[in-house]
1. Looking at the range 118-149 only, could you name the residues that are in a loop (DSSP other than H, G, I, E, B) and at positive phi?
2. State which residue is most open to solvent (accessible area, probe 1.4 Å) when the search covers only the range 118-149 and only residues that are in contact with a His (Cβ under 7 Å, 6 or more places away or on another chain) and not aliphatic (A, V, I, L, M).
3. Provide a single number: the residues in the range 105-117 that are surrounded by 19 or more Cβ atoms within 10 Å (Cβ to Cβ) and in a loop (DSSP other than H, G, I, E, B).
4. I'm checking my understanding of the structure. Among residues of the range 11-51 that are in contact with a His (Cβ under 8 Å, 6 or more places away or on another chain) and touching a residue at least 60 places away in the same chain (Cβ under 8 Å), which one is farthest from Ile123 (Cα to Cα)?
5. Only one of Arg63, Arg55, Arg19 is within 13 Å of the chain's Cα centre (by Cα) and under 20 Å from Leu147 (Cα atoms). Can you tell me which?
6. So, in the range 78-96, how many residues would count as being more than 13 Å from Ala53 (Cβ to Cβ) and of a type outside the set (D, E, K, R)?
Amino acid sequence: MTPNRRIVLSSDHTAIALRQAIAAHVAGQGWEPVDIGPTTPDSTDYPHHGEAAARRVASGDSRFGIVLCGTGQGIMMAANKVKGVRCGVCAEPYSAAMIRAHNDANMLALGARVVGPGLALAIVDAFLATDFEAGRHAPRVEMIKALEG
């Protein structure tokens, strides 16, 4: 499978079950999920997992990344520290579609303590089904990229 169909997934300990459900869901849609863990419920630090997934997206190894923690906020912040990553946390499908359409987001963050499995899958579907609109949004994405230095 090519990196264009590869999605890297990672989480902290709070989101293992939801991450695994998302991996199975995207695999059923023809994506290649690359689940980089963790696999045990032992407490772990979300910044490490957000960074690891973001580095795979930034390198081109994976087309998209999906990262999860309790709220999605912390792991999203960590992922966004990696140059080339635009990650947004979403709790409903509309925002997931808009971060793709308007911001060309390449990563999605979810809060396992915020959304249930059904809603999480709907959010993932909206994210993956939406293309970047470019046009008037392209210069703004370039402005975001310029902030990376």
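The values are calculated or read from the model by the stated rules, or taken from the named source; none is laboratory data. On a predicted model such as this, the values are computed, not experimentally measured, just so you know. Quick reminder, even Gly has a Cβ in these numbers, built from the backbone with ideal geometry, and neighbours come from all protein chains shown. For accessibility, only protein heavy atoms count, side chains too; no ligands or nucleic acids. Shrake-Rupley method; radii C 1.70, N 1.55, O 1.52, S 1.80 Å.
1. First, the residues of the range 118-149 that are in a loop (DSSP other than H, G, I, E, B): 130-134, 147-149.
Across the range 118-149, the qualifying residues are Ala134, Gly149.
2. In this case the residue turns out to be Glu133.
3. As a first pass, look at the range 105-117 and keep what is surrounded by 19 or more Cβ atoms within 10 Å (Cβ to Cβ): 105-112, 115.
From what is left, the residues that are in a loop (DSSP other than H, G, I, E, B) are 105-106, 112, 115.
Count: 4.
4. Let us first name the residues in the range 11-51 that are in contact with a His (Cβ under 8 Å, 6 or more places away or on another chain), namely 11-12, 36-38, 40-44.
This time we only want the ones that are touching a residue at least 60 places away in the same chain (Cβ under 8 Å), so: 11-12.
Working: Ser11: 16, Asp12: 19 Å.
Checking each candidate, the answer is Asp12.
5. Values: Arg63 fails: under 20 Å from Leu147 (Cα atoms); Arg19 fails: under 20 Å from Leu147 (Cα atoms).
The unique qualifying residue is Arg55.
6. 8
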